[in-house]
Amino acid sequence: QVQVVESGGGLVQPGGSLRLSCAASGFTFSMSVMSWYRQAPGKERELVALILSSNGAMNYADSVKGRFTISRDNAKNTAYLQMNSLKPEDTAVYYCKAFYRGADYWGQGTQVSVSS
């Protein structure tokens, strides 16, 4: 019973901040690679940020570098995406994905809308 559940989305004004959470269960969270993707209307899903299990190294899409921060709390089996200085072009459904033992496990997505 693998579960990946996002929360924390909502409506925010440009320049504002949101923190998304991704609660995981049913696998060894500390040994997984966690990542955040997003998909805007009419666009392909894109990788936003990724954090490794081994050394905690992080990678980001160029469009969010310096504004977004991915983190994980292995004691809580939870990954986070801190989003600052939000722009209208950040509007999308954000998905959390766990990679564990060669398989991907996707969350249901949470809507982030940035507008005035």
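Numbers below:
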item	result
Part-to-part distance (alpha-carbon centres) for the range 37-58 and the range 65-116, which is given in Å	7 Å
ASP104 accessible area, assembled protein chains, probe 1.4 Å, Å²	80 Å²
Global geometry of the range 57-112, whether rounded, prolate or oblate, following the gyration tensor of its Cα atoms and the 1.5 cut on a/c	prolate
Ranking by accessible area, most exposed first, for MET31, MET83, MET58 with a 1.4 Å probe	MET31, MET58, MET83
ASP104-ASP73 pseudo-label distance in nm [points 7 Å out on the Cα-to-Cβ vector]	2.8 nm
Convex hull projection area averaged over all views, the chain, Cα basis, nm²	6.9 nm²
Cut-off 14 Å, label 7 Å out along Cα→Cβ of LYS65, residues of the range 17-40 by amide N	none
Compactness of the range 4-65 as Cα Rg over 2.2 N^0.38 Å, two decimals	1.27
Inter-label distance for SER116 and VAL2, nm, one decimal - labels placed 7 Å from Cα along Cα-to-Cβ	4.4 nm
Exposure ranking of ARG45, ARG19, ARG38, ARG72 by accessible area [1.4 Å probe, largest first]	ARG19, ARG45, ARG72, ARG38
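The values are calculated or read from the model by the stated rules, or taken from the named source; none is laboratory data. What you see is a predicted model; the values in this text were computed from it and never measured. FYI the Cβ positions are ideal-geometry reconstructions off the backbone, even for glycines, and counts take in every protein chain you see. Side chains are part of the model used for accessible areas, which takes the heavy atoms of the whole protein and leaves out ligands, DNA and RNA. Shrake-Rupley method; radii C 1.70, N 1.55, O 1.52, S 1.80 Å.
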